[in-house]
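Trainee: Sharing a structure, written as structure tokens. Questions coming.
The values are calculated or read from the model by the stated rules, or taken from the named source; none is laboratory data. Values in this document were obtained by computation on a predicted structure and should not be read as measured data. Cβ sites come from the backbone with ideal geometry, for glycine too, and all protein chains shown count toward neighbours.
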Amino acid sequence: MTLSTIKTFPNEDNWRDISGLLTHLTEEPTYTPRTIAEQVILVTAGGSTSAYFYDDKASSWKSAAII
């Protein structure tokens, strides 16, 4: 593999690739996840999308805006 064949991240194509792997919701999650896969959620509300990550230590959800 050469440097020219490696995808750079983040870019729009890579984001579309991973967004299909994550759960999509329309409001902030309020449940306690049981698996690691449930700890990363995409939320689309009001025309914007945010990623939510579950913080095990604080037992709460943290959000990050996706630009």
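Trainee: How many residues are within 10 Å of the chain's Cα centre (by Cα) and surrounded by fewer than 10 Cβ atoms within 10 Å (Cβ to Cβ) if we restrict to the range 53-67?
Mentor: Within the range 53-67, residues that are within 10 Å of the chain's Cα centre (by Cα) and surrounded by fewer than 10 Cβ atoms within 10 Å (Cβ to Cβ) number 2.
Trainee: Here is a list of conditions, (1) modelled with pLDDT of 80 or more; (2) under 13 Å from the mean Cα position of the chain (by Cα), and T35 meets all of them except one; can you say which number that is?
Mentor: Among (1) modelled with pLDDT of 80 or more; (2) under 13 Å from the mean Cα position of the chain (by Cα), T35 violates only (2).
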